[in-house]
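S.K.: Dumping the structure here so I can ask a few things about it.
The values are calculated or read from the model by the stated rules, or taken from the named source; none is laboratory data. Predicted model, so just to flag it, every value in this text is computed and none were measured. Quick reminder, even Gly has a Cβ in these numbers, built from the backbone with ideal geometry, and neighbours come from all protein chains shown. Surface areas here come from the heavy atoms of the whole protein model, side chains and all, with no ligands, DNA or RNA. Shrake-Rupley method; radii C 1.70, N 1.55, O 1.52, S 1.80 Å.
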Amino acid sequence: MGAFANVDSNAAARVSQLSDAWAAQGVMSSVTDQVQAFRWLKLVWNASFNSVSVVSGGNNTKQMLGDKGCRGLIRNIMLEVYRIGEAATGGPLPVLMGKDSADAFIEDTDGRDAVEPSMLMDFRARRPMEHDVILRRPLDVARRLGVSAPYMEAVYAMLVMVEKTYMARL
């Protein structure tokens with residue numbers, strides 16, 4: 001957690017106090033001055049696994065990573081998010097719990113129990129999906145900065161079509 005750059009000068013102190021209060025209750029947290037970079041890092045996993053879980057037909061992380069094509073698509077989307085995030089923040093994205101690359105995120109996920117991403121749960125329940133925040137907004141940033149993201153563009157177009165189809169039937 002951390003304060004955004006455009007917040008008042010007391011924000012950092014308040015964030016530290018909040019972190020301390022959580023720690024006193026046994027909740028782990030860490031304070032950073034790289035909030036935007038960590039937001040992009042979160043998108044590395046979310047943009048890839050969430051979207052591919054739906055466009056692959058409703059698969060969990062184990063199923064997706066067990067398929068060479070899906071695994072490659074996930075990796076390519078992660079690489080695009082890294083490029084967009086680095087262009088947006090002006091530097092390399094930070095390391096998160098030892099993960100410093102798309103391959104590290106994939107390896108870590110592959111070593112865990114199967115996960116059904118939140119977008120897959122929305123898809124199965126026929127609820128609106130989070131594709132706007134997870135894909136469209138990062139794609140808007142990519143366009144603005146001149147960063148190519150063809151895999152994300154394609155997956156986003158498919159997600160929108162899938163959602164329109166089932167929402168029209170409700």
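S.K.: So, of the residues in segment 40-58 that are touching a residue at least 40 places away in the same chain (Cβ under 8 Å) and open to solvent by 40 Å² or more (accessible area, probe 1.4 Å), which turns out to be farthest from the chain's Cα centre (by Cα)?
M.R.: Val55
S.K.: Do any helices (runs of 4 or more DSSP H) lying entirely in segment 96-149 carry at least 2 residues that are in contact (Cβ under 8 Å) with a residue 12 or more places away in the chain and within 22 Å of Thr61 (Cα to Cα), and which ones are they?
M.R.: It comes to 102-110, 118-125.
S.K.: Has segment 97-112 got any residue that is of a type outside the set (Val, Ile, Thr), closer than 29 Å to Lys164 by Cβ and open to solvent by 30 Å² or more (accessible area, probe 1.4 Å)?
M.R.: Scanning segment 97-112, I find no residue that is of a type outside the set (Val, Ile, Thr), closer than 29 Å to Lys164 by Cβ and open to solvent by 30 Å² or more (accessible area, probe 1.4 Å), so the answer is no.
S.K.: Checking Leu93 against (1) surrounded by 13 or more Cβ atoms within 10 Å (Cβ to Cβ); (2) closer than 25 Å to Asp67 by Cβ, which single condition isn't satisfied?
M.R.: (2)
S.K.: Taking only segment 121-138 into account, find how many residues are open to solvent by less than 70 Å² (accessible area, probe 1.4 Å) and either under 16 Å from Glu153 (Cβ atoms) or at pLDDT below 95 (or both).
M.R.: Of the residues in segment 121-138, 5 are open to solvent by less than 70 Å² (accessible area, probe 1.4 Å) and either under 16 Å from Glu153 (Cβ atoms) or at pLDDT below 95 (or both).
S.K.: Pick out the one residue from Val141, Val160, Val155 that is at pLDDT 95 or above and buried (at least 20 other Cβ atoms within 10 Å of the Cβ).
M.R.: So the residue among Val141, Val160, Val155 that is at pLDDT 95 or above and buried (at least 20 other Cβ atoms within 10 Å of the Cβ) is Val155.
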